Amino acid sequence: MTTNATTKTAIETYTARRADVARLIDVLEMELGKYDERAQAEPQRWDFPGTLDYVRTTLIDLVEGLSGIERDAIEAFLSE
């Protein structure tokens, strides 16, 4: 049996996960900066845009799942 001292409420768990997401977004921004430098140093390499295509697709999936906005609408927004 779990004691109340170790049991978290839904909102406490949500808040912790939200903080994790914010930190991961910060790390992603830092890593993208490093990746930018590498891509600029080797502009002929196609693996850099390929990797960003994967990241883009994954982010679209996440936005679609969280927002309920259809993928086509997200793609249209990105093409503006």
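Every number here is computed from the coordinates shown, using simple stated rules; none is lab data. Predicted, not measured: the structure shown is a model, and the values here were computed from it. Every residue, glycine as well, gets a Cβ built from its backbone with ideal geometry; the counts of neighbours run over all protein chains shown.
Here are some notes:
- For the condition among the small types (Gly, Ala, Ser) and either surrounded by 10 or more Cβ atoms within 10 Å (Cβ to Cβ) or in contact (Cβ under 8 Å) with a residue 60 or more places away in the chain (or both), ALA39 qualifies.
- Filtering region 39-78 to residues that are polar (S, T, N, Q) and within 23 Å of ILE25 (Cβ to Cβ) leaves GLN40, THR51, THR57, THR58, SER67.
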